[in-house]
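Participant: Submitted below is the structure of interest, expressed as structure tokens.
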Amino acid sequence: MKKAPLFALIAALCAALIPTAATSAQERAVPDKTPDPARTENFRSKRYGVFFHYLNGVQNSAESLNSDGKETSWDECVDEFDVERFADAAAETGAGYVFFTMMQQSQHLCAPNDTFDKLTGYAPGEACSKRDLIAEIADALAARGIDLYLYWTGDGPSRDPKAAAALKAAFPVTAEYMHNWANVAAEYGRRYGDKVKGWWIDGSYSWIGHNDETLGILAEGLRAGNPDRILAFNPGVDPRVMAYSIHDDFTAGEQEKFVSVPENGRFLGGAQWHILTFLGNWWGAPGVKLTKKELAQYVWTVNRLGGVVTIDMMLYRDGSLERSQLEVMKPLRGRLAELDAAAETPSPDGNLVSGGIPFLRSNDLLRTLPPSCFELHEARLGIDGDLSTSAVGAENWAWTYLVYLKKRAEAKTLTVHFSPGGWATEFEIFIKPVDADWQSVGRFDNPEGNTLFTVDFAPQTLDAVRVTAYKPDGPDQPGTQMAIAELEVY
Amino acid sequence: MKKTTLFCVLFTLCAALFSTAALSAQERPVPDKTPDPARTENFRSKRYGVFFHYLCGLQNNANHPNSCGKQTSWDECVSDFDVERFADQVADTGAGYVFFTMMQQGETLCAPNSTFDKLTGYRPGEACSKRDLIAEIAEALSQRGIDLYLYWTGDGPKLDKRSAEALKISFPVTTEFIRYWSDVAAEYGRRYGNKVKGWWTDGCYTWFGHTEETIGILAEGLMAGNPDRILAFNPGIDPKVMAYSIHDDFTAGEQNSFSCLPEEGRFLGGAQWHTLSYLGEQWAAPGVRYTAEELAQYIWEVSRRGGVVTIDMVLRRDGSLDEAQREVLKPIRARLGELDAAAEATSEN
């Protein structure tokens, strides 16, 4: 057999793995679970929260920006954390809750744990800090009306040989490994009781051997001390927020962009719809991906459709938060209230999409497109009541104009005005009734370039509408790129 | 004729402009100018500095992260600026100099200017702040051994209708407009003297109608008060750092990344090689696109070849800098020293 270069082998291996993961998400069975609205109502009511990575490799690595240039023992690092400063900053974000990591992949945990020490042989302070940072954070946040959730993992301290050997870490994961690891979590759970409202569990991937049985073992340990504690197990980054395990009370919803929104109401496979992604350039990193207005519009839209949003921010060793991110977060709670009030105000002309939340989207709905020619064709211009302006998506010839109604309302007719010279030759109009999938209400061929189309449908209460252009999908074709001058729904 | 949508027209226009600019850069003659090493030696010796956008649309715009959520009169905004905090944090970065914007496109300037007020009819504080922020910053930086350079523009306060009428702003630019605008700069120049070491002048684009004549008029005003002041005029973003005007003492060098290196030594068309780009995701934006080591290696390589690097950072209304960006810059000066020592040791062997 001819030898293959190493990189070719690795590439082939990656190519095999990636389709498997993607296929898994598409083919994954939706858990057969009855939603329990009361169980996640407190969580849902908070609307949004924040997430912090607090790890030895981040806050205690001199090369990491989050470490303030310091690198000490883990115990000293934990000692330096200013809980009051942290809680004050968290309160400034207006967040209803905080997710805080207890560990990730290594043996460093930010609170004492006898179970872990006995299993591994580590002395207190060597792996589990002597300071109970979690207990202090829980109290400080509670004093400010903020709930605490914790981050755990389904792959445990797999990168530390001593802990891995002691816990019998193995991949595919075994029941024995999960029992050991669940027992460590249970000690924390019993100690914190109702001060910890839930867990987000990373590394619960099917490709490391997790299934509902192993997740069930973990779930039992994670609920110790508080039966009302809600859980989410992370299957990895799916194409959009998707259901995973029967043990999920809420979706882990790990994403890399603020795009995915609840498409079929509050629950997915019986779990509360929830998304987690990062405000900066990466997890725990600086930068601000969205403006204050964009973030408010996104969170408001998700809330209106029944979901919850968690926003990862950068946390420094001393407990302070990244200032630019804090500035973006500060007005969020207030802006949501303004959007709530605006949604209650009927539009003067009765147009149900007036004041709605518009998006320029790729036709698979997975990407938000920038406007063509910057602000000249922003999404809002398709529902601004002015036929001389238009919304046009850039980057894709064929694209979708999607508008979420500011308030669910009964509708029976939709009119789309294309700009003169901005008409698609093939397009389709869809409506999205509450708690139902998108429905087509008309597919049109338009070789003549008509710019006005009205379609009537059976009256129903709607969440959203969209117009999807199919042709032209490239240059030198009849027609021109779709430009929405106005959308009306009554 | 088939109607074209507005966006098609604009897209075509944008494409035409971009094409023109690209061709201009390639075809632009290199100024016939003899380098004057002594004139830019102080600048070159600093190796790197930092650049700050301080503007009404940023620090005084409640929607912008740099505003700390505030939006007030311009005068109140300028009053909020904590100069000592700013200077301390700049010193943390190890920067040898600072570039600070005085204005951009609007009528708000961050120091008094009676020439501007008389021309436009604005009262003190309405457009030009009553507080002389530049004078205070110059003093505070100087105490910390940091030089101050300022940012000006070749298109003036064009977005303010009143100023535009008063200064006779038009495009292509006219000598009349540029003389008025140069006089405004000259008042600052005479006031600050050698406390301001130079200017980086944006918007000197050929497609605004700028020529060596109009740039020369600006240069005269910008040099007022300090004949040793060094100047750069920005032609726009070239494919790489390129020479532009005979009036350049150093290249404006605006780039979208820290990647360009001096190819022909210290001087380009007689001007000191210099580049300016941003550390965050965009100008004046948060984020860190480079690690400390990447930036140190880049700066070291540029300075080894005779060039100078300026790094744009976030500046907030209260004078504070972005902490993550500061953390990236903090170790750079020392790292440059280590790289120098290592190079020295290698050459001795």
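The values are calculated or read from the model by the stated rules, or taken from the named source; none is laboratory data. Since this is a predicted model, take the numbers as computed values, not measurements. Every residue, glycine among them, receives a Cβ derived from its backbone with ideal geometry; neighbour counts consider all protein chains shown. When the accessible area is computed, the model is the full protein with side chains, heavy atoms only, and any ligands, DNA or RNA have been set aside. Shrake-Rupley method; radii C 1.70, N 1.55, O 1.52, S 1.80 Å.
Participant: If you fit an axis through the alpha-carbon atoms of helix A:83-92 and take the longest principal axis of the Cα set of chain A, what angle between them do you get, 0 to 90°, nearest 10?
Facilitator: With rounding to tens, the tilt is 10 degrees.
Participant: Over the alpha carbons of the protein assembly as shown, what is the largest minus smallest coordinate on each principal axis, giving the biggest first in Å?
Facilitator: Ordered largest first, the protein assembly as shown gives principal extents of 79, 76, 69 Å.
Participant: I would also like to ask the following. For residue A:197, give me every one of the lysines with a C-alpha distance below 20 angstrom, ignoring sequence neighbours fewer than eight places off in its own chain.
Facilitator: A:46
Participant: Would you mind getting the accessible area per residue of the range A:29-341, heavy atoms of the protein chains only, 1.4 Å probe, in Å²?
Facilitator: 34
Participant: Determine the calculated [θ] at 222 nm for chain B from helices alone, applying -39500 (n - 2.57) to every DSSP H run no shorter than 4 residues and normalising by the residue count; nearest 500 deg cm²/dmol.
Facilitator: -12500 deg cm²/dmol
Participant: At a Cα cut-off below 16 Å, give the aspartates and glutamates reachable from residue B:33, other chains included and same-chain residues fewer than 8 away excluded.
Facilitator: Correct list for residue B:33: B:212, B:213, B:248, B:249, B:264.
Participant: In degrees, nearest 10, range 0 to 90: what is the angle between the Cα axis of helix A:37-46 and the longest Cα principal axis of chain A?
Facilitator: Between helix and principal axis, roughly 80 degrees.
Participant: Taking a cut-off of 29 Å between Cα atoms, list the lysines near residue A:412, but don't count ones fewer than 8 places away on the same chain.
Facilitator: A:432, A:471
Participant: Carbon-plus-sulfur fraction of the accessible area of the range A:270-403, 1.4 Å probe, in percent?
Facilitator: The value for the range A:270-403 is 59 percent carbon and sulfur by accessible area.
Participant: Hey, another quick one. Is it possible to state the helix-based mean residue ellipticity at 222 nm for chain A, with each DSSP H run of 4+ residues giving -39500 (n - 2.57), the sum divided by total residues, to the nearest 500 deg cm²/dmol? What is it?
Facilitator: So the helix-based figure for chain A works out to -8500 deg cm²/dmol.
Participant: Further question on the same structure: Quick one: grab the alpha carbon gyration tensor of the range B:37-348, order the square roots of its eigenvalues as a ≥ b ≥ c, and give me rounded if a/c is under 1.5, else prolate or oblate depending on whether a/b is larger than b/c.
Facilitator: Verdict is oblate for the range B:37-348.
Participant: From the alpha carbon gyration tensor of chain A, can you work out the equivalent ellipsoid semi-axes (sqrt of 5 times each eigenvalue) and give them in Å, largest to smallest?
Facilitator: Ellipsoid half-lengths, sorted descending, are 44, 25, 21 Å.
Participant: How big is the dipole moment of the protein assembly as shown about its Cα centre under a simple scheme where the beta carbon of each Lys and Arg is +1, that of each Asp and Glu is -1, and everything else is neutral? Debye, nearest 20, please.
Facilitator: 480
Participant: Turning to a different aspect of this structure: Relative contact order, percent, of chain B when contacts are C-alpha pairs under 8 Å separated by at least 6 residues?
Facilitator: 20
Participant: Now a separate question. In the range B:286-349, which trypsin sites (Lys or Arg not before Pro) fall in coil by DSSP and have 14 or fewer other Cβ atoms within 10 Å?
Facilitator: Answer by residue number: B:305.
Participant: To continue, here is another question. At most 16 other Cβ atoms within 10 Å and a DSSP loop assignment: could you name the trypsin sites (Lys or Arg not before Pro) in the range A:118-147 that fit?
Facilitator: Qualifying residues, ordered by number: A:130, A:144.
Participant: Then there is this: Give me the 1.4 Å probe accessible area per residue for chain B, excluding ligands and nucleic acids, in Å².
Facilitator: 40
Participant: Give me the accessible area buried between chains B and A, both sides summed, with a 1.4 Å probe, in Å² rounded to the nearest 100.
Facilitator: 2100
Participant: Ranked from the most accessible area to the least, with a 1.4 Å probe and all protein chains present, what is the order of A:33, B:168, A:412?
Facilitator: Accessible-area ranking of A:33, B:168, A:412, largest first: A:412, B:168, A:33.
Participant: Could you order peptides A:271-277, A:379-385 by the average number of other Cβ atoms within 10 Å of their residues, highest first?
Facilitator: Ranking, from highest mean packing down: A:271-277, A:379-385.
Participant: From the residues A:430, A:351, A:321, which one has its Cα farthest along the dipole of chain A in the positive direction, the dipole being from +1 and -1 charges on Cβ of Lys/Arg and Asp/Glu about the Cα centre?
Facilitator: A:430
Participant: Taking chain A as the reference, fit the longest principal axis to its C-alpha atoms, fit the long axis of helix A:212-222 to the helix C-alpha atoms, and give the angle between the two in degrees, 0 to 90, nearest 10.
Facilitator: Tilt of helix A:212-222: around 60 degrees.
Participant: Going down the list A:292/B:330; A:292/B:70; B:130/B:158; A:118/A:168; B:118/B:158, which pairs span over 19 Å between their C-alpha atoms?
Facilitator: Pairs exceeding 19 Å: A:292/B:330; B:130/B:158.
Participant: Using a 10 Å cut-off around each Cβ of peptide B:195-201, what is the average number of partner chain Cβ atoms that fall inside?
Facilitator: Mean shielding by partner chains, rounded to a whole number: 0.
Participant: Please go through the residue pairs A:70/B:197; A:257/A:406; A:70/B:46 and name each one whose alpha carbons sit more than 32 Å apart in this structure.
Facilitator: A:70/B:197
Participant: What longest region of chain A stays clear of GluC sites (Glu not before Pro) that DSSP places outside H, G, I, E and B and that have at most 16 other Cβ atoms within 10 Å?
Facilitator: A:81-255
Participant: Tell me, which longest segment in chain B has none of the GluC sites (Glu not before Pro) that fall in DSSP loops with at most 14 further Cβ atoms within 10 Å?
Facilitator: B:1-262
Participant: Same structure again: Using a 1.4 Å probe, what is the accessible area per residue for the range A:357-489, in Å²?
Facilitator: 40
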